[in-house]
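Here's the structure, in structure tokens; my notes come after.
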Amino acid sequence: MKYIGLALILALSTVSYQAVAHDKDAEAASIMETPENTLEAYRSAIESLDDTNMPRLFTQDALVFENGKAEGSFGNYLAHHLGPELKEFESFTFSNETIDISVIGETAIASETYTYTIVLKDGRTIERLGVTTAVLVKRDESWKIAQYHSSSRTPKK
């Protein structure tokens with residue numbers, strides 16, 4: 001009888017896990033249902049200093065360019081640049097965002113402007129004006145970033 005109860009508990013927990021996993025997949029798809037939502041999700045992930053779900057926002061072969069440097073794949077950029085930087089930040093805040101998107105079939109071309117403020121764990125503050133261009137593609141009903149280029153400069157005072 002013990003084994004039947006244990007088997008039932010395991011079976012029910014598997015069904016519950018599958019339901020949760022399905023709900024997370026549905027949530028991820030809804031986040032990426034428009035190019036703007038995908039770009040907003042990326043900015044939100046940066047602001048939360050959490051790179052966990054960032055890779056799902058990019059195609060497997062996405063290319064990243066930042067401040068005049070070809071960073072390679074998003075995976076490479078995350079592992080060797082963005083990921084380590086996020087660990088040094090106390091906070092990252094975007095403001096004054098503007099976004100312009102042109103959709104041509106299953107491709108979108110986006111440009112963004114924004115201001116961002118970074119507070120480092122050592123207390124220093126960095127303020128920048130930023131600009132981004134991105135190419136997004138629709139894959140399996142979700143918009144993903146295929147190419148991302150960002151640059152920034154110190155604001156004039």
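So, in segment 35-56, of the ones that are part of a loop (DSSP other than H, G, I, E, B) and charged (D, E, K, R), which residue ends up nearest to Val119 (Cα to Cα)? Checked segment 35-56; the qualifying residue nearest to Val119 (Cα to Cα) is Asp50. Please count how many residues of segment 57-72 are crowded, with 16+ Cβ neighbours inside 10 Å and outside any strand (DSSP E or B). Residues in segment 57-72 being crowded, with 16+ Cβ neighbours inside 10 Å and outside any strand (DSSP E or B): 1 in total. Within segment 131-151, residues that are among the acidic types (Asp, Glu) sit with their Cβ atoms under 9 Å from residues that are loosely packed, with under 15 Cβ neighbours inside 10 Å, at 6+ positions apart or across chains, in these pairs: Asp140/Ala29; Glu141/Ala29; Glu141/Glu33. Inside segment 101-128, residues that are of a type outside the set (Gly, Ala, Ser), in contact with a Ser or Thr (Cβ under 7 Å, 6 or more places away or on another chain) and more than 18 Å from Phe89 (Cβ to Cβ) make up a count of 3.
Here's the yes/no breakdown for (1) assigned by TED's automatic domain parsing to the domain that holds Thr125; (2) out of contact with any Lys or Arg (no Cβ under 6 Å at 6 or more places or on another chain); (3) more than 14 Å from Ile145 (Cβ to Cβ):
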position: Arg56; (1), (2), (3): yes, yes, no
position: Thr59; (1), (2), (3): yes, no, no
position: Gly68; (1), (2), (3): yes, yes, yes
position: Glu85; (1), (2), (3): yes, yes, yes
position: Glu90; (1), (2), (3): yes, no, yes
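Restricting segment 92-111 to residues that are of a type in the set (Asp, Glu) and over 17 Å from the mean Cα position of the chain (by Cα) leaves a set whose member that is nearest to Ser152 (Cα to Cα) is Asp100. Quick check: is even one residue across segment 75-91 under 23 Å from Lys156 (Cβ atoms), within 15 Å of the chain's Cα centre (by Cα) and modelled with pLDDT of 95 or more? There is no residue in segment 75-91 that is under 23 Å from Lys156 (Cβ atoms), within 15 Å of the chain's Cα centre (by Cα) and modelled with pLDDT of 95 or more.
For (1) out of contact with any Gly (no Cβ under 8 Å at 6 or more places or on another chain); (2) of a type outside the set (A, V, I, L, M, F, W, C); (3) on the phi > 0 side of the Ramachandran plot, each residue gets a yes or a no:
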residue: Val64; (1), (2), (3): no, no, no
residue: Glu71; (1), (2), (3): yes, yes, no
residue: Gly75; (1), (2), (3): yes, yes, no
residue: Pro84; (1), (2), (3): yes, yes, no
residue: Phe92; (1), (2), (3): yes, no, no
residue: Thr117; (1), (2), (3): yes, yes, no
residue: Arg124; (1), (2), (3): yes, yes, no
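Residues that are of a type in the set (Phe, Trp, Tyr) and within 19 Å of Asn53 (Cβ to Cβ) were ranked within segment 106-157; the one that is surrounded by the most Cβ atoms within 10 Å (Cβ to Cβ) is Trp143. Screening the candidates Ala70, Ala110 for the property of being of a type in the set (A, V, I, L, M, F, W, C) and farther than 21 Å from Glu36 by Cα yields one hit, Ala70.
The values are calculated or read from the model by the stated rules, or taken from the named source; none is laboratory data. Just so it is clear, the model here is predicted, and its values are computed rather than measured. FYI the Cβ positions are ideal-geometry reconstructions off the backbone, even for glycines, and counts take in every protein chain you see.
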